[in-house]
Amino acid sequence: MLILGISCYFHDAAAALLRDGALVAAAEEERFTRIKHDFSFPQRAIEFCLRAGGIRAGDLDYVAFFEKPFVKFERLLLTSLQMFPRSHRVFREAMVSWLGDKLWIRQRIERSLGVPRDRILFSEHHLSHAASAFFCSPYDEAAILTVDGVGEWTTAALGAGKNTEIRLRTEIRFPHSLGLLYSAFTAFLGFEVNEGEYKVMGMAPFGQPRYQEQVYRLIRVAEDGGFELNMDYFSFHYSPEKTFNGRSEETDLARGRTGLAEQTNEAPAATGAARVCWHHRTSRRHGDNGGCDLDIQRISRHLGRVDAIPHTHQQIRRPRRDHQGYGWRPPSGHGDTPYHGK
């Protein structure tokens, strides 16, 4: 069976080709257009994958898109209406982009590849994250945690994988999001959102947790690891430009950037770890994925063994059979797989 996976229209558009469950090729569109974080429809990446597999588009059994556009559009509409009139600019910009391209991805795939409508499938955003972590892992059974900014409605999901089946059992929904909390701090520290998060992560080990009290004013964490943001401090749900509301009492925090970065990293790690441990106390294997699951050293302090799938250019050639990365070599002390952790 030949399956082509596609993601686009947010950031880092990409395509991947599977043959009977094994990865044949994967590429990001930016590698061909030389546009950093290119989010356009990945036509060149698709063509590369088809060439690498020695097939034509008509040979594909299915084409899978990484999320459900109409469900995501529903969230944008309902959130804009709820926050109106403050959200009028978000609504206007969303209508321009969504009515132009994003809603019509099925038609774009049909037109570009000539694939029949009934062979185009749409996965849920966090199920895609979970699949990329679990199905590429060496495990037949594991607990799965996905954490990012937001998918359709979900911002964090917890479930389990066994053999060829994944079930996401519980979720946290927008606007309560660890990924958007992280993005707000990225912007607060002066870095570009969806670009500078790695800098915050890199600064964190050099800081001290001096701002724990201030950071935990922004997020309430339950005993079971669930959480909710204090939305008085955030504006990402109604502003197209700002992620936080710029309260004056926070302005002096910027002087302690490394300390604040350290505590920003700690909150997602502790919260996510609590959810996994509470719901899957008997499972010793955890697969993590999503934009918030890259700081494995910190998360592993709370969980022990953690495995997180790398990005497209670090994918695996034969999942569950040969975990050696192609175009990637494991750092010393991590064995022969592209999975990081301890």
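Just so you know, all these numbers are worked out from the coordinates, no wet-lab data involved. Since we're looking at a predicted model, the values are computed, not measured. All Cβ positions, even for glycine, are placed from backbone atoms using ideal geometry, and neighbour counts span all protein chains on display.
Would you mind putting 141-148, 121-128, 83-90 in packing order, based on average other-beta-carbon counts within 10 Å, highest first?
Most protected by this proxy first, the peptides run 141-148, 121-128, 83-90.
Could you order peptides 105-115, 39-49 by the average number of other Cβ atoms within 10 Å of their residues, highest first?
39-49, 105-115
Find, to one decimal place in angstroms, the Kirkwood hydrodynamic radius of the stretch 54-205, where the mean of 1/r is taken over every pair of different Cα atoms and then inverted.
After inverting the mean inverse Cα-Cα distance, the result is 17.9 Å.
For the stretch 1-123, restrict the atom set to alpha-carbon positions and state the Rg and Dmax in Å.
Just the Cα atoms of the stretch 1-123 yield Rg and Dmax of 16.0, 53 Å.
Please check which bits of the stretch 68-99 a label hung off LYS242 would reach, taking the label as a point 7 Å along Cα-to-C-beta and the cut-off as backbone N under 19 Å.
Counting backbone N atoms under 19 Å from the label point, the list is 80, 83-93.
Gain in length, GLU74 to ALA57, computed as 0.36 nm per residue apart minus the alpha-carbon separation, to one decimal in nm?
3.0 nm
Obtain the nm distance between the two label points defined at ARG220 and GLU47 by a simple spin-label model: each point lies 7 Å from its Cα along the Cα-to-C-beta direction.
5.4
In the neighborhood of GLU152, defined by Cβ-to-Cβ distances under 9 Å, what is the net charge if each Lys or Arg adds +1 and each Asp or Glu adds -1? Don't skip to the end; give the middle numbers.
Values: positive: LYS68, LYS72, ARG75; negative: GLU67, GLU74, GLU124.
That works out to 0.
About the Cα centre of the stretch 130-247, what is the dipole size in debye to 20, counting +1 per Lys and Arg Cβ and -1 per Asp and Glu Cβ, all else neutral?
Computed about the Cα centre, the dipole is about 280 debye.
For ASP20 and GLU110, calculate 0.36 nm times their separation in residues minus their Cα-Cα distance, and state this gained length in nm to one decimal. Write out the running numbers ahead of the final one.
Values: separation 90, 0.36 × 90 = 32.40 nm, distance 2.28 nm.
Gain on extension, ASP20 to GLU110, equals 30.1 nm.
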